[in-house]
Amino acid sequence: MSKIIGAVEIGTSKAKALVGEVTENGSLSIVGMASRPNEGMRKGEIVDFRKAADAVHASLEEAEKMSGTTVDSVYLAQTGIHLRGQMLTGSASVSSSENRVSVSDLDRASAEAKHRQPESGRSYVHHIRTPIVLDGKAVDDPVGMLGKKVDLGYWSVDGDDQAIRQALCVITNYAGLEVADLILSSIASSTMMAGPDLRRAGALVIDLGAGVTDLSLYRQGYVAYTGVIPVGGDHVTGDLSMGLRVLEPYAEKLKIEHGKASPDPSDADEDIWIIGNKTIGDRSISRKAISDVIHVRVVELFEIISKELGNLLDPDELKGGILLTGGGSKLPGIEVVASKVLGMPVRKATFTPGIDSELATHENATVLGLLHYGLEDNGRPPGQNNDDESPSGFLGKLAGIVGIS
């Protein structure tokens, strides 16, 4: 029997919903999609619950109507500057008299790594396993191998309980649905835009959203860093609004239709009408002036990213490259600016073949990544735990905090 799952991203500019049907043979068909403007978010966090909930409910309702089905459970994206990541490590001596590694040795190392608790008022969202090391050498699965000491770690992300509760309640209380899992936005989008080969080679995925920019960095196929930068496309729009003395809707239109990440001297002779109808009150401005304003903010964003990552921006460790996705990645020339600031080649990410062109847009990277995790969960044999491979399992721990079962 097939199962109907939903993917929801409560974005700063839009709430998006996808409905997918997972068949008995483990395939996924996307049968519904919708998005609605969202005025209840700021910098990736809910500031007006009712407006955010209305946007999510409307998008889910429309996606279900398109699919002709109802969703059984939802995979929900989580972002926001309240999220913090850290590397937790643990080790265990091999207990067998033969020095042969057992599952219990790994369990003890894992328990030690996860022993550290977050601050009061915060809970873990993800424990994402990093490589297992046996006697100083990384191995995929040391069980049965000879050795003396096992080390392993997790990139662990914790978040503010209230912010997590707000997002969950939009789904559980307002839409009346079960949240199957909460997935970090950066992990969802990078899983979709950087395939296994790129992740093994080492890659950095930068998801340029409206309110925030999500980062996910991989080394040897494992997450080595995630982060959220409180700068996004809305900040560019705000700069244009102030710099050109226009209302934000016109500034957004100018950015989308005429903006570039770098000024082009040839644009100085091209005039753009701000409103576009050349009526009384409308006025013109050079296209170069628009790009001048955008360039300053874009450079600042990548400078922040460079400072945030520091030594992690190592070309020898990132042979898969730096990939841009999200709505902001559509800005012409933004990869050139990013490359100059970050000191490494940067390109716009591409979708794997087979995704419908209507869906394969950079704005949908996160919500498509959510469905990817939903497919993995529902295609897994009953009882199999995937906690070490994908972010999962925190909802039970939070049940008492957020009021879900």
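Using a cut-off of under 16 Å, list every residue of segment 227-247 whose amide N is near the label point 7 Å from the Cα of ASP292 along the Cα-to-beta-carbon line. Residues 239-246 fall inside that zone. Per the Debye formula with a single identical scatterer at each Cα and no solvent contribution, what log10 I(q)/I(0) holds for segment 84-159 at q = 0.18, 0.28 Å⁻¹? Each listed q corresponds, in turn, to -0.66, -1.23.
Summing charges over all other residues whose Cβ lies under 11 Å from the Cβ of LEU177, with Lys and Arg as +1 and Asp and Glu as -1, gives -3.
Residues whose amide H falls under 5 Å from that of GLY32, counting only those 5 or more places apart or on a different chain, are VAL19, with hydrogens built in the peptide plane.
Distance between the pseudo-spin-label points of GLU270 and LYS319 (7 Å out from Cα toward the beta carbon): 4.0 nm. Here the simple spin-label model places points 7 Å from the Cα toward Cβ, and for VAL299 and VAL336 these points are separated by 1.5 nm. Our estimate of slack between ARG347 and THR89, defined as 0.36 nm per intervening residue step minus the Cα-Cα distance, is 89.6 nm. Compared with the rule-of-thumb size 2.2 N^0.38 Å for a compact globular protein, segment 182-242 has a Cα radius of gyration ratio of 1.27.
Counting only Cβ charges, +1 for Lys and Arg and -1 for Asp and Glu, the dipole size of the chain around its Cα centre is about 500 debye. Using alpha carbons only, the radius of gyration of segment 287-353 set against its Kirkwood radius gives Rg/Rh = 0.99. Residues whose amide H lies under 5 Å from that of SER286, counting only those 5 or more places away or on a different chain, are ILE272; hydrogens are built 1.01 Å from N in the peptide plane. The alpha carbons of segment 116-230 give a radius of gyration and a Dmax of 17.1, 53 Å, in that order.
Across segment 161-171, coupling constants 3J(HN,Hα) worked out from phi with the 6.51/-1.76/1.60 Karplus curve, θ = phi - 60°, read 4, 5, 5, 5, 4, 4, 5, 5, 5, 4, 8 Hz, and Gly and Pro carry x. Between SER102 and LYS148, full extension at 0.36 nm per residue minus the direct alpha carbon distance yields a gain of 15.4 nm. Size of segment 179-297: Rg and Dmax of its alpha carbons, in Å, are 18.7, 60.
Labels on offer are [x] 21.8, 69; [y] 22.6, 89; [z] 20.7, 62, and the one holding Rg and Dmax of the Cα atoms in Å computed from this structure is [y]. Rounded to the nearest 0.05, the FRET efficiency derived from the C-beta distance between SER357 and GLU257 at R0 = 30 Å is 0.90.
Each value in this text was obtained by applying a stated rule to the coordinates, not by laboratory testing. Please read these numbers as outputs of a predicted model, since none were measured by experiment. FYI the Cβ positions are ideal-geometry reconstructions off the backbone, even for glycines, and counts take in every protein chain you see.
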